[in-house]
Every structure is written in structure tokens, then in C-alpha cells.
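Beneath this line is the structure, given in C-alpha cells, with notes to follow.
The values are calculated or read from the model by the stated rules, or taken from the named source; none is laboratory data. Note that the structure is predicted; figures quoted are calculated from it, not measured. Cβ coordinates were reconstructed from backbone atoms using ideal geometry, including for glycine residues, and neighbour counts include every protein chain displayed.
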Amino acid sequence: MWQLRTHFWQGMATALWLVAVGPHLDCARADEALDVYLVQTQVSEFFQAIAARDLAWMQSLWASDDEVAMLTLSKRRPPAVGWRAIRIAFQDGAFSFWNSFHAAPNDYPFVVIEGNVARATFQVNGVVRNGWGETVPIVIHVSQQFRKVGDHWLLTGSWALNTPD
């Protein structure tokens, strides 16, 4: 939980910086800095939605078309393509097997924006408790892709390495 609070305050500091310094930057750089902040916020919300086991919240983060994909390099989980398959993967996988899932990126995700597509890469540390009551420390390497729709960035792909089985 402390990591989520830390990310909140770091995010607030970024927002204050944008308000204070943003007007002095050229518009393109200020817009890109805001987009980077919004993508980083989406990453944080992704892990908060997992911890809360909130499918409605998770759905609000994803694009709802059939082209979205999630790949967790795990022996037990095949790739999920399309929002329906991703919803089932969370509902029948992470939300049903893990009694608790508390994880957050170690640091701000590294974000690259090209037009209306953004990619975020980061490492996640955390602790999960499985259905048998065992507590398992985790380190996951994640890459996520987003598409800008209006003023919002929606998740279109998530790839994770070292996910717990």
C-alpha cells in the first residue's frame, strides 16, 4: 500500500510541475509531458484494479475491441485476445486464484509516445497470496501498449514476463 501512496505523491508532484513549468515550455513538449503522465497514471490504475479485483475498473482501462491482447509468459495461461478473453483471464485467473495481489511498478514506467500510440516498460515488485494461503514475492517485467482515444489513453496490449503461476 505504501508504494501506491508513494506513486500518488510522485504523480501529484509531476502534475504540479506541469502546472508551474508547463506554460513556459513549448506546447508540443507540454502536451507530450502530460500524455506521459496520463500513461503512467493508467499503469498505476491497472495494478490498483487488480488489487481491488474490480473488473469494471479494469474494463475502463482497456480498449474494448477484439484487437487488444494480453500475454503472460506462464505455463498455465494462454494468450488472451479481445476484451472478452482478457476479462475471463482476470476473472478466472488472477481474481479467482490469488487471494491478494499487491504490486506496483518500482519506479515511473519508461514511456515512449509515437502519435496516438504509447508504450510503457517497467518492472513490478510485490507480494501475492495464492489459493492455498502461501505468500509469494514477485518480480514481473511488463510492457504495455496504449492507444489515445480523445483525451484518454486506453490499454491495447500487456505483456508480462515472470508472472506467478
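See the values below:
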item	result
From V139, V128, residue being in a strand (DSSP E or B), without any contact (Cβ under 8 Å) to a residue 40 or more places away in the chain, more than 14 Å from I50 (Cβ to Cβ) and of a type in the set (A, V, I, L, M)	V139
Filtered residues of the stretch 125-153 (kept if surrounded by 14 or more Cβ atoms within 10 Å (Cβ to Cβ) and small (G, A, S))	G126, S143
Positions within the stretch 142-157 being part of a loop (DSSP other than H, G, I, E, B) and among the small types (G, A, S), in sequence order	G150
Filtered residues of the stretch 98-116 (kept if loosely packed, with under 14 Cβ neighbours inside 10 Å and either among the aliphatic types (A, V, I, L, M) or in contact with a His (Cβ under 9 Å, 6 or more places away or on another chain) (or both))	V112
Single residue of A89, A69 found to be over 17 Å from L154 (Cα atoms), among the hydrophobic types (A, V, I, L, M, F, W, C) and either modelled with pLDDT of 80 or more or crowded, with 17+ Cβ neighbours inside 10 Å (or both)	A89
Members of the stretch 77-86 that are assigned to a helix (DSSP H, G or I) and either touching a residue at least 60 places away in the same chain (Cβ under 8 Å) or surrounded by fewer than 15 Cβ atoms within 10 Å (Cβ to Cβ) (or both)	R84
Test: residue in the stretch 39-48 that is touching a strand residue (DSSP E or B) at 6+ places or on another chain (Cβ under 7 Å) and assigned to a loop (DSSP other than H, G, I, E, B)	no
Residues of the stretch 109-145 satisfying the condition of being under 30 Å from E32 (Cα atoms) and either basic (K, R) or in contact with a Gly (Cβ under 7 Å, 6 or more places away or on another chain) (or both)	R119, Q144, Q145
